[in-house]
1. Heavy-atom accessible area per residue, the range 1-99, 1.4 Å probe: how many Å²?
2. Give me the 1.4 Å probe accessible area per residue for the range 110-158, excluding ligands and nucleic acids, in Å².
3. Calculate the spin-label point distance for A456 paired with S409, positioning each point 7 Å from the Cα along the beta-carbon direction, and give it in nanometres.
4. Out of residues 5 or more away from Y462 or on other chains, whose amide H comes under 5 Å of its own, with H placed 1.01 Å from N in the peptide plane?
5. Just to confirm my numbers, what's the Cα centroid distance between the range 244-264 and the range 393-442 in Å?
6. Sort the range 371-485 into rounded, prolate or oblate with this rule: let a ≥ b ≥ c be the square roots of the eigenvalues of the Cα gyration tensor; rounded if a/c is under 1.5, and if a/c is not under 1.5, prolate when a/b is larger than b/c, oblate otherwise.
7. For the range 411-424, in order, what is each residue's ³J(HN,Hα) by Karplus, 6.51 cos²θ - 1.76 cosθ + 1.60 with θ = phi - 60°, in whole Hz (x at glycine and Pro)?
8. For every helix of n ≥ 4 consecutive DSSP H residues, a contribution of -39,500 (n - 2.57) applies; sum these over the chain, divide by its total residues, and give [θ] at 222 nm rounded to the nearest 500 deg cm²/dmol.
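The values are calculated or read from the model by the stated rules, or taken from the named source; none is laboratory data. Being a predicted model, the structure only gives us computed values, none of them experimental. Cβ atoms come from the backbone with ideal geometry, glycine included; neighbour counts cover every protein chain shown. The area values use the complete protein model at the heavy-atom level, side chains included, leaving out ligands, DNA and RNA. Shrake-Rupley method; radii C 1.70, N 1.55, O 1.52, S 1.80 Å.
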Amino acid sequence: MAERISTLVMFGATGDLARRMLLPSLYGLDSDGLLPPELRIIGTARTDLDDAAFRERADEALKEHLSEGFYSAGIAERFLSRLYYVPVDITHPEGFAKLAQSIGDPCHGVGIFLSTAPSLFKPTIDGLANAGLACPTVRMALEKPLGTDLESSREINDSVAAHFPEERTFRIDHYLGKETVQNLIALRFANLMFEPLWNSAHIDHVQITVAETVGLEGRGDYYEGAGALRDMVQNHMLQLLALVAMEPPSDFNASAVRDEKVKVLRALRPITAADVEQTTVTGQYTRGAIDGEPVPGYPEEIGHESNTETFVALKAHVDNWRWKGVPFYLRTGKRMPERDTEIFIQFKDVPYSIFASRGATTRPNKLIIGLQPEESIELRLMAKTPGLDRQGVRLREIPLDIGLANAFSEYRRRVAYERLLLDLIEGDPTLFVRRDEVEAQWAWIDRIRSAWAEKAISPRPYAAGTWGPSAAIALTERDGISWHE
Ligand code: BG6
């Protein structure tokens with residue numbers, strides 16, 4: 001086991017991620033006694049604050065963002081006493097010197113959490129290195145966006161690698177911190193019954209949906225330059241796909257799991273100009289209603305016309321023995337009718353139905369892994385409808401449905417960042433993304449984007465509160481498949 005760190009430095013400490021996720025997650029860990037007793041948390045940002053003002057802001061963030069009833073004044077007081085603040089303007093070296101001074105001897109173990117615009121990664125890393133903060137006891141956690149394409153991602157990775165070797169670089173994909181995502185690994189490899197069927201001989205197709213009801217949430221500047229493909233597919237959705245499709249790793253450790261994931265990512269069939277119109281659909285929401293409430297369209301939210309996609313659906317293939325001929329349909333969008341993240345696996349139908357002669361039809365089994373808003377595992381099976389069968393046998397699809405919140409009701413549901421921050425503090429990189437994975441992800445995404453550019457593909461409008469443009473339905477219907485809704 002790696003050494004635990006004793007100082008955590010949080011860049012972007014006054015930002016939205018820190019307020020909504022990082023501070024509440026660290027508080028959650030502290031309240032369970034999971035933070036090293038001596039851990040100090042140093043926030044940095046451009047804003048000129050002192051420790052007291054930062055603690056006050058952090059306290060407000062906890063009150064606002066902790067789940068109801070979880071805030072306790074006593075725990076907050078202890079947690080806030082761990083917080084310090086050093087203003088750092090990334091373009092000025094003196095801020096880094098002050099930060100180094102406040103950290104003291106980095107040999108005691110330092111974790112740096114960097115969440116910044118891609119253009120600021122290099123100056124920040126260089127500033128840290130120049131201030132002596134790149135020594136072997138310092139770990140670097142990087143929050144997305146790690147670039148906007150393969151080239152810029154390589155530049156960022158190179159500038160990080162110049163001072164922090166891969167084993168001390170922790171690239172965050174917060175989906176890997178989600179309990180159900182890890183549960184996917186347990187479901188596949190802690191049970192005997194799925195793995196023998198987990199291949200093209202028995203699986204018809206896979207659908208991965210990440211539907212959100214939210215719009216821009218004040219992140220218009222970032223989102224306008226990103227779009228759904230880079231914001232969601234490049235990272236979270238491809239990680240989910242890799243976990244579904246990977247071969248069994250030889251151990252549940254960082255190298256073994258990531259070795260298997262990267263093989264899948266590299267086996268993704270490139271989507272090119274020749275097939276991009278048949279295999280991808282993009283959309284952008286116009287005004288509509290969600291839950292009966294009117295919501296503005298994307299152009300109104302962003303304040304101008306735009307070509308950025310807020311929805312993408314695509315058909316992917318993993319070109320290897322296991323998955324030959326099995327389509328993976330991916331779909332994500334903002335302003336969808338409901339929040340729903342799920343992995344849907346449709347098996348093939350039985351090879352021969354003994355019930356056909358009695359007038360009954362079978363339907364293929366389905367496994368549905370719900371990630372959000374509820375965590376669930378559902379297996380759809382065929383069962384005989386009770387009765388004396390005088391008019392023939394009747395079969396019906398019934399769900400074997402497990403809500404994880406009920407099955408594990410004695411456990412507190414944690415936010416993904418609790419897990420990831422604790423792994424960073426303790427030095428376990430298994431749930432972080434390795435450089436070769438990120439680059440394989442970008443390589444595949446870049447091909448799609450250049451195919452879109454070559455074919456001058458623009459997003460099709462869809463009304464907020466619907467499941468995207470109708471072309472997304474046609475994408476699967478052409479193959480005789482419907483999206484699971
Ligand atoms: C982020 C994206 O990475 O993930 C956001 O930048 C998106 O646009 C968010 O809303 C979704 O995360 P979650 O955990 O709410 O599904």
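1. Values: 4710 Å² over 99 residues.
Ligands and nucleic acids excluded, the result is 48 Å² per residue.
2. Working: 1720 Å² over 49 residues.
So the range 110-158 comes to 35 Å² accessible per residue, rounded to a whole number.
3. Those two pseudo-labels are separated by 6.0 nm.
4. Residues meeting the amide H criterion: Q284, Y285, T286.
5. First find each Cα centre; the distance between them is then 15 Å.
6. On the way: a/c = 2.56, a/b = 1.20, b/c = 2.14.
It is oblate, given that a/c is not under 1.5 and a/b is not larger than b/c.
7. Each residue of the range 411-424 in turn: 9, 6, 7, 9, 7, 3, 5, 4, 4, 5, 5, 5, 5, 5 Hz.
8. Working: 16 runs with 158 residues, N = 485.
Result for the chain: -9500 deg cm²/dmol, rounded to the nearest 500.
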